[in-house]
Amino acid sequence: MKLTSRARFSTICLHAGQEPDPSTGAIITPIYQTSTYVQEALGKHKGFEYARTQNPTRMALERNVAAIESGKEGFAFASGMAAIGAIATMLKSGDHVVVSDNTYGGTFRLFDKVLRRYQLSFTYVDTSNLDEVERAMTPATRMLFVETPTNPVMRITDLRAAADLAHRRDVRLVVDNTFASPYVQRPIDFGADLVIHSTTKFLNGHSDSVGGVVVATRDDHIEWLRFVQNAEGAILGPMDAWLVLRGTKTLPIRMERHNANAMALAEFLASHPKVTQVHYPGLPAHPQHALAKKQMRGFGGLISFALGSLERARTLLNNVRLMALAESLGGVETLISHPATMTHASVPPERRQQIGITDDLVRVSVGIEDIDDLKDDLSSALSAV
Ligand SMILES: Cc1ncc(COP(=O)(O)O)c(C=O)c1O
């Protein structure tokens, strides 16, 4: 099961980071549910001393995701937010960060309510417009934090141009790649320094684990993240690491279906008379369709659409039967949500309006069910609107 340097994406997803278990030959990396490791003699051990610092199941996942994202090393955390918290420890008081204005609400909350207390400052701009990014940069800027596509209005940032701009100013480019998944885009290939994921989403893919991961490329970042992961201790537990590792084996075939179903549903919604707007980068009408085609493989599993009023959105949400009304995304089952009152409720209303998260907007994380059943469900819910 040795991977050659020519191994392709699906093969990497299935095998990277995993060897048959040395004690039994088990093909699947076991769940090493242990807190410590017995040492043979003082100062003599097998490289494992304490499970916050080293755990074979977590390490297999970290190597697997690092390979999938074409990075050098990965670090797994207890949640996506813990992974973003670890990234933030790379900053020092006085540092400034430029952030996508449409970033996940929890990320905004961490930056705005917690990290600003430590004399870090943040400027939120539409990173799909790199002139705005450049204008927002100051001599204190140390990080450019990008989400692309953004959640839920699907703006796309040109990753290669963003990396070039950041590097000209000695700024690190961090990409939260949760929304797209590494099947759809690999930011490190375009020059990103660090990639983070909420593994809770497409990497796990089965809605049964909460976790996060950081993938790094530079040795100084790797050294710091390894230190911080152990020093702060917000590690991913072995059971969750195992669940995500199982998820990444099927990432490519799941993503093919997510992509295909989302494309078909976006076309269906775009031609529906009760839908006033559809946000999906795969539609030729999307303002950045050409860029999306250039840097994405397929267009991802998320769609958002507007219905004209909060009341109409509420009626739709109350009338779907197959789609589950729930937060989160990236699982095999289709979830439908109302960003203004659910995922983005922590974003102040004026800011929500500014970035296009209107009260009539509905988001769908399109699962891998039969597309005709998904269309039937939306069709009958729309007839009640
Ligand atoms: C884009 C994005 N980043 C980060 C997070 C945070 O991840 P977690 O919920 O695993 O802490 C989420 C969660 O929804 C997300 O959508």
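Within segment 99-140, being small (Gly, Ala, Ser), open to solvent by less than 20 Å² (accessible area, probe 1.4 Å) and under 16 Å from Leu173 (Cβ atoms) holds for Ser100, Ala136.
Residue by residue, here is whether (1) assigned to a helix (DSSP H, G or I); (2) buried (at least 16 other Cβ atoms within 10 Å of the Cβ) holds:
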residue: Ala292; (1), (2): yes, yes
residue: Ala313; (1), (2): yes, yes
residue: Asn318; (1), (2): yes, no
residue: Gly330; (1), (2): no, yes
residue: Thr341; (1), (2): no, no
residue: Ser346; (1), (2): no, no
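For the list (1) within 13 Å of the ligand (Cβ to nearest atom); (2) over 21 Å from Glu69 (Cα atoms); (3) open to solvent by less than 30 Å² (accessible area, probe 1.4 Å), I need the number of the one condition that Ala234 fails. Evaluating Ala234 over (1) within 13 Å of the ligand (Cβ to nearest atom); (2) over 21 Å from Glu69 (Cα atoms); (3) open to solvent by less than 30 Å² (accessible area, probe 1.4 Å) leaves (3) as the failure.
Restricting attention to segment 149-159 and to residues that are open to solvent by less than 20 Å² (accessible area, probe 1.4 Å) and either of a type in the set (D, E, K, R) or touching a Phe, Trp or Tyr at 6+ places or on another chain (Cβ under 8 Å) (or both), the residue that is nearest to Arg218 (Cα to Cα) turns out to be Leu159. The set of residues in segment 160-177 being surrounded by fewer than 24 Cβ atoms within 10 Å (Cβ to Cβ) and within 20 Å of Gly300 (Cα to Cα) consists of Arg160 alone. Only one entry in Ile336, Ile303 is within 16 Å of the chain's Cα centre (by Cα) and outside any loop (DSSP other than H, G, I, E, B), namely Ile303. Would you mind stating whether Thr157 is more than 30 Å from Glu49 (Cβ to Cβ), among the polar types (S, T, N, Q), away from the ligand (no atom under 13 Å from the Cβ) and in contact with a strand residue (DSSP E or B) (Cβ under 7 Å, 6 or more places away or on another chain)? In short, yes. Taking the stated definitions as given, is Ala285 under 28 Å from Asn129 (Cα atoms), crowded, with 16+ Cβ neighbours inside 10 Å, of a type in the set (Gly, Ala, Ser) and over 24 Å from the mean Cα position of the chain (by Cα)? The answer is no for Ala285.
Scan segment 53-75 and tell me whether some residue there is more than 19 Å from Val244 (Cβ to Cβ), within 14 Å of the ligand (Cβ to nearest atom) and either of a type in the set (Phe, Trp, Tyr) or modelled with pLDDT of 95 or more (or both). So far as segment 53-75 goes, no, none of its residues is more than 19 Å from Val244 (Cβ to Cβ), within 14 Å of the ligand (Cβ to nearest atom) and either of a type in the set (Phe, Trp, Tyr) or modelled with pLDDT of 95 or more (or both). Filtered by the rule that a residue be outside any strand (DSSP E or B) and either at pLDDT below 95 or within 15 Å of the ligand (Cβ to nearest atom) (or both), segment 160-182 gives Asn177, Thr178, Phe179, Ala180, Ser181, Pro182. If I ask for residues that are part of a helix (DSSP H, G or I) and within 16 Å of the ligand (Cβ to nearest atom), which ones from segment 183-218 would you list? If the condition is that a residue be part of a helix (DSSP H, G or I) and within 16 Å of the ligand (Cβ to nearest atom), then Pro187 is the only one that fits.
I want to confirm something. Restricting to segment 81-118 and keeping residues that are of a type in the set (Val, Ile, Thr) and outside any loop (DSSP other than H, G, I, E, B), which single residue is farthest from the ligand (Cβ to nearest atom)? It comes out as Val98.
Of the helices (runs of 4 or more DSSP H) contained entirely in segment 219-274, not one carries at least 2 residues that are modelled with pLDDT under 95, among the charged types (D, E, K, R) and over 30 Å from Gly308 (Cα atoms). Each residue in segment 346-385 was checked for being modelled with pLDDT under 95 and among the small types (Gly, Ala, Ser), and 2 pass.
The values are calculated or read from the model by the stated rules, or taken from the named source; none is laboratory data. As the structure is a prediction and not an experimental result, all values here were calculated from the model. Using ideal geometry, Cβ is built from the backbone for each residue, glycine included, and neighbour counts are taken over all protein chains shown. Heavy atoms of the whole protein, side chains included, go into the accessibility calculation; ligands, DNA and RNA do not. Shrake-Rupley method; radii C 1.70, N 1.55, O 1.52, S 1.80 Å.
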